[in-house]
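**Student:** This structure is in structure tokens; I'll ask about it shortly.
Each value in this text was obtained by applying a stated rule to the coordinates, not by laboratory testing. Keep in mind the model is a prediction, meaning the values are calculated, not measured. Virtual Cβ from ideal backbone geometry, glycine too; neighbours counted across all protein chains shown.
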Amino acid sequence: MRYRIAGWALAGFLIAAFWAVYLFTAFHMPISRAIESLARLTCPIALVGEHYHFGVSLGWALVSNAVVYGLLGLCLEPVRWLGRRMKPA
């Protein structure tokens, strides 16, 4: 289960890295609302930074997204494990 939680954290890190690369390359182009909403949904630190009106550095965005996804994996993996162990009646 440790490796699955580490996988969740790695997925969060890679998602934040993808958005960083995408937004750096599309810096001068207008971004559609759908892409902006998807970025905010998959990278929760963006919501925190927008709410409190401060910028977040790339390093903190990567680390915080990995932590959030790791905690999400920590919550969801036991539920997944229990679902596999329960047999239908």
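**Student:** Apply the Karplus curve 6.51 cos²θ - 1.76 cosθ + 1.60, θ = phi - 60°, to the phi angles in region 52-65 and return the couplings in whole Hz, x for Gly and Pro.
**Tutor:** Per residue, the Karplus-derived 3J(HN,Hα) values read 8, 6, 9, x, 10, 6, 4, x, 5, 5, 5, 5, 5, 5 Hz.
**Student:** Another question, if that's okay. Please arrange L72, L47 by how many other C-beta atoms lie within 10 Å of their C-beta, fewest to most. Walk me through the numbers before you get to the answer.
**Tutor:** Details: L72 16, L47 11.
Ascending number of Cβ neighbours within 10 Å: L47, L72.
**Student:** Neighbour counts of other C-beta atoms within 10 Å: give me V79, V48 arranged from fewest to most. Write out the running numbers ahead of the final one.
**Tutor:** Numbers: V79 8, V48 12.
The fewest-first ordering by Cβ neighbours comes to V79, V48.
**Student:** Which whole-Hz couplings ³J(HN,Hα) result when phi for each residue of region 71-86 is put into the Karplus expression 6.51 cos²θ - 1.76 cosθ + 1.60, θ = phi - 60°, listed in order with x for Gly and Pro?
**Tutor:** Working through the residues one at a time gives 5, 4, x, 5, 7, 8, 5, x, 5, 5, 5, 5, x, 6, 7, 6 Hz.
**Student:** Moving on. Ordered by residue, what ³J(HN,Hα) values in Hz, to whole numbers, does region 7-24 give under the Karplus form 6.51 cos²θ - 1.76 cosθ + 1.60, where θ = phi - 60° and Gly and Pro are x?
**Tutor:** Running phi through 6.51 cos²θ - 1.76 cosθ + 1.60 with θ = phi - 60° gives x, 4, 5, 5, 4, x, 4, 5, 5, 5, 5, 4, 5, 5, 5, 4, 6, 5 Hz.
**Student:** How large is the dipole of the chain about the Cα centre if only Lys and Arg carry +1 and Asp and Glu carry -1, each at its Cβ, rounded to the nearest 20 debye? It would help to have the intermediate numbers written out before the result.
**Tutor:** Values: 8 positive and 3 negative charges, 123 e Å.
So the magnitude is around 580 debye.
**Student:** What is the fewest-to-most order of Y3, Y69 by other Cβ atoms lying within 10 Å of their Cβ?
**Tutor:** Numbers: Y3 8, Y69 24.
Ranking Y3, Y69 by Cβ neighbours within 10 Å, fewest first, gives Y3, Y69.
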